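See structure below.
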Amino acid sequence: MDNVMNSGNEPEALTSELSQADIAALGIGAHAMPKKQVKHRLPIIIAAVVFAVLVVALIASFFGARWYYKDKAAPGVHLGDVAVAGQNAAQLKQTVDHEVQNSKVTITDGQGKKATAGFKDLGVKVDTDKTVQDLLAAKGDGAGRVVPFQKADVKLVADVTDLPINTYLTNTFVKDGDKAVPSSVAFDGNSSQFVAAAGHGGRAPEMSGVKNSVNTLIADPGETKTVKVSYKTIDTPVSQSAAQTAADAANKLLANKIVINNGDASQFELPVAQVASWIKPNADLEKGQVNLSIDKNAIAGYINSEMPKQLNQDMVSQQDIVDGNGKVMLTMTKGVNGVKVKDGDAVVNQVYSAMTSGQPATIQAAADITKFDVKQTKSEMRIVVDRSTQTATVYKNDQVVKTFLVCTGKPGGDETTLGNYVIYLRYAVQTMRGPGYVSPNVRWVSYFNGGEGFHTADWNPVGIATGNPSEYGSHGCVNMNVNDAQWIYDNCPQGTLVQVVGDQPAGAVR
């Protein structure tokens, strides 16, 4: 026992040699083992919880990133060498403008001449808004949008044409007397036609290197490229016959009328000069021809601005004068439907389609229409001027009030005009003027049809008494005795219905 007690290793060795039966006999069997198993499971549980937390965090991070970048450039999006991730539309516009401003080509000719040109100098038209849209849309809207290591390179949306590059190089590097000038096409406002102007041959710089540098800058803006140009002697870059062919084609487009209406009462035809401004002659110096293109953006700007001015209508109530039975005697104001045109883009597309196909077109713009209402006014007072009897009879609520002797307009173009009218203007006294006459101090004037009206005629008692307009007729007015004209003035206000009826008499009727 002393040896056993004094040995530090013996008890462990003894235990390791015990059988399963001995262990069971010592009472350290089944009920003692679970404690050991719990200790082994705890790290697994902790790991599972941590994993679940990480998964939840990743999912939350993914959807959070999707939300954050929904109106911004996605991670990994570049404009040339510039990373634009996280920039909104306004910031992207600033970035695009900055890169465009810093995109330049330094040009030398090996003969001591050197110039540095930007996009504007070379006629490169950059669509900033479309470029911003492309940057925002890069990488789509799928799950990969927010993955930062997936890169998307976006280039400028730009239009490059030969003629402005050639013009810049020629003006910068070639003396005026040595220049080769292409025949050109332009709109002449005096003749309202496209005309061709003849060019001539001469010395010209080789522009392919400059054009290649420009295309490189469009893909990777914000740098300065250096290129050397050489010269060549050429014939007219574009012949006059080629320019005339393009002018003829442009004039055929101008001949096709394009009319836009609002589906109600208004329409307008596109002005020739306006249509001409949308036709762009572009010289292709490599092929020696002039191509025509249609500027859809310019069409959109005009249509969206001008169409509402031309076709929108305010609703106007119709004003009718009716008799006691409700019968319309006169429409004082004709009703107008209210119209508000809409969907200008659809009209733009139709105008563009008509021009590119070389066809005339009548286009109906979509519109919201408000039907006019009708307001009726019963005319209590009504005056019937009967030319055949040379009388003016006043009715109130269709009952005769008074009948007056009158003398109407003389034959030969001055007859008092048949029809329904209303008294619209009155003067107690007026100097009346007309072709070949001036009549001062005419009293009790009540106009009902332009310059035709009731008034006193102190100078025409015979015509009024005999009812003889053939010899004593007026210039269209209804001549009356003083008291009669004053009665009309005092008792028949503005809005009184006037009906001129009957045949023109050949002589006196009384």
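So the values come out like this:
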{"read-out": "Segment 289-305, residues that are part of a helix (DSSP H, G or I), closer than 15 Å to Asp127 by Cβ and open to solvent by less than 60 Å² (accessible area, probe 1.4 Å)", "value": "Ala298, Ala300, Gly301"}
{"read-out": "Flag for Thr216 being touching a strand residue (DSSP E or B) at 6+ places or on another chain (Cβ under 6 Å), closer than 30 Å to Gly110 by Cβ, modelled with pLDDT of 95 or more and open to solvent by 40 Å² or more (accessible area, probe 1.4 Å)", "value": "no"}
{"read-out": "Flag for Asn337 being touching a strand residue (DSSP E or B) at 6+ places or on another chain (Cβ under 9 Å) and of a type outside the set (Val, Ile, Thr)", "value": "yes"}
{"read-out": "Scope segment 251-279; condition closer than 26 Å to Ala365 by Cβ and assigned to a helix (DSSP H, G or I); matching residues", "value": "Lys252, Leu253, Leu254, Ala255, Val272, Ala273, Gln274, Val275, Ala276, Ser277, Trp278"}
{"read-out": "Unique match (being closer than 11 Å to Thr408 by Cα and out of contact with any helix residue (DSSP H, G or I) (no Cβ under 8 Å at 6 or more places or on another chain)) among Gly463, Gly473, Gly453, Gly495", "value": "Gly453"}
{"read-out": "Segment 326-355, subset under 30 Å from Lys296 (Cβ atoms) and of a type in the set (D, E, K, R), residue farthest from the chain's Cα centre (by Cα)", "value": "Lys340"}
{"read-out": "In segment 473-503, the residues that are modelled with pLDDT of 95 or more, farther than 15 Å from Trp459 by Cα and among the hydroxyl-bearing types (Ser, Thr, Tyr)", "value": "Tyr489"}
{"read-out": "Restricting segment 197-213 to residues that are free of Cβ contacts under 8 Å to residues at least 40 places away in the same chain and either over 14 Å from Pro182 (Cβ atoms) or surrounded by fewer than 19 Cβ atoms within 10 Å (Cβ to Cβ) (or both), the residue that is farthest from the chain's Cα centre (by Cα)", "value": "Arg203"}
{"read-out": "Hits in segment 123-144 - residues which are more than 11 Å from Ala158 (Cα to Cα) and in contact with a strand residue (DSSP E or B) (Cβ under 7 Å, 6 or more places away or on another chain)", "value": "Asp134, Leu135, Ala138, Lys139"}
{"read-out": "Check on Thr236, out of contact with any Pro (no Cβ under 9 Å at 6 or more places or on another chain) and either in a loop (DSSP other than H, G, I, E, B) or touching a residue at least 12 places away in the same chain (Cβ under 8 Å) (or both)", "value": "no"}
{"read-out": "In segment 461-484, residue nearest to the chain's Cα centre (by Cα) [restricted to those that are crowded, with 22+ Cβ neighbours inside 10 Å and closer than 17 Å to Thr417 by Cβ]", "value": "Cys477"}
{"read-out": "Unmet criterion (only one of (1) outside any loop (DSSP other than H, G, I, E, B); (2) open to solvent by 80 Å² or more (accessible area, probe 1.4 Å)) for Gln359", "value": "(1)"}
{"read-out": "Residue within segment 455-475 that is under 29 Å from Gln376 (Cβ atoms) and touching a residue at least 12 places away in the same chain (Cβ under 8 Å) present", "value": "no"}
{"read-out": "Test: Asn262 is within 25 Å of the chain's Cα centre (by Cα), surrounded by 18 or more Cβ atoms within 10 Å (Cβ to Cβ), more than 30 Å from Leu497 (Cα to Cα) and not hydrophobic (A, V, I, L, M, F, W, C)", "value": "yes"}
{"read-out": "Contacts under 6 angstrom Cβ, first residue in segment 255-271 being aliphatic (A, V, I, L, M), partner open to solvent by 40 Å² or more (accessible area, probe 1.4 Å) and at pLDDT 95 or above, 6 or more apart", "value": "Val259/Gln267; Val259/Glu269; Val259/Thr362"}
{"read-out": "Single match in Phe194, Phe173, Phe187 (criterion: within 27 Å of Gln240 (Cα to Cα), among the aromatic types (Phe, Trp, Tyr), within 35 Å of the chain's Cα centre (by Cα) and open to solvent by less than 20 Å² (accessible area, probe 1.4 Å))", "value": "Phe194"}
{"read-out": "Members of segment 102-122 found to be open to solvent by 20 Å² or more (accessible area, probe 1.4 Å), under 44 Å from the mean Cα position of the chain (by Cα) and among the hydroxyl-bearing types (Ser, Thr, Tyr), listed by number", "value": "Thr116"}
{"read-out": "Strands (runs of 3 or more DSSP E) completely within segment 366-450 that count 1 or more residues being of a type in the set (Val, Ile, Thr) and closer than 19 Å to Met329 by Cβ", "value": "374-378, 381-386, 391-396, 399-405, 419-422"}
{"read-out": "Residues of segment 63-79 satisfying the condition of being open to solvent by less than 60 Å² (accessible area, probe 1.4 Å) and modelled with pLDDT under 90", "value": "Gly64, Ala65, Tyr69"}
{"read-out": "Filtered residue count, segment 399-429, keeping only those that are touching a Gly at 6+ places or on another chain (Cβ under 7 Å) and open to solvent by 70 Å² or more (accessible area, probe 1.4 Å)", "value": "2"}
{"read-out": "Residue check, Ala255 open to solvent by 40 Å² or more (accessible area, probe 1.4 Å), hydrophobic (A, V, I, L, M, F, W, C), over 30 Å from Asn312 (Cβ atoms) and within 32 Å of the chain's Cα centre (by Cα)", "value": "no"}
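The values are calculated or read from the model by the stated rules, or taken from the named source; none is laboratory data. Model, not experiment: these values are computed from the prediction. For neighbour counting, all protein chains shown are included, and Cβ atoms are generated from backbone atoms with ideal geometry for every residue, glycine included. Protein only, heavy atoms only, side chains kept; ligands, DNA and RNA dropped before computing areas. Shrake-Rupley method; radii C 1.70, N 1.55, O 1.52, S 1.80 Å.
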